[in-house]
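Structure record follows, encoded as structure tokens.
The values are calculated or read from the model by the stated rules, or taken from the named source; none is laboratory data. Note that the structure is a prediction, hence the values are computed from the model and not measured. Don't worry about glycine lacking a Cβ; one is built from the backbone with ideal geometry, like all the others, and counts go over all protein chains shown.
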Amino acid sequence: MEKIRGFEIVTKYVDKNLSLPKRATKGSAGYDIAAAEDTVIPSIWNILSKNAGVKAMEKEEVVEENKHYLKSTLVPTGIKAYMPENEYLMLVNRSSNPLKHNLSLPNGIGIIDSDYYNNNGNEGEIFVQLINYGLEDYTIEKGDRIAQGIFTPYYTADGETGNLGSRIGGFGSSGKN
């Protein structure tokens, strides 16, 4: 049977006892995607609580020193997705993440293009980008469901012209910005 769309485990996680994404019910649109390893998502508030009495002149130093709190965390999933050229995998937050764990996808949704599969940069491994707006760091444990993936068709515009490039790498590699 020809493979059309689905998930595979990337090479570096083959022996790590991961499960492929699956839907929770027959009416579920999204496939539950889990973390491949324990990952700490630092609270964005750590910089404020640790530096509450900082003078204005020192703020630049404080920001530089604490940049790791002010960015997204990429959580590895150990999986990759294959699909036809006219589809993408939309990554969306699980509804329980903001409510129970103060976790959010900073870009709202993630897009996994069909040509991301088996790319040279990271074999097409999917990472889920998260921020923690809670007051304390949060640890995602291996196997925790952190996002949902929905296979979605897309359409291209009439008369599309120009040199469309080929993907040469992994995460964030489809453009210069």
- Message: Restricting to region 116-156, count the residues that are over 15 Å from the mean Cα position of the chain (by Cα), of a type in the set (S, T, Y) and in a loop (DSSP other than H, G, I, E, B).
- Response: 4
- Item | Members of region 79-103 that are under 18 Å from E8 (Cβ atoms), of a type in the set (A, V, I, L, M) and under 15 Å from the mean Cα position of the chain (by Cα) | I79, A81, L89, L91
- Out of (1) within 13 Å of the chain's Cα centre (by Cα); (2) at pLDDT 95 or above, the odd one out for P106 is which? (2)
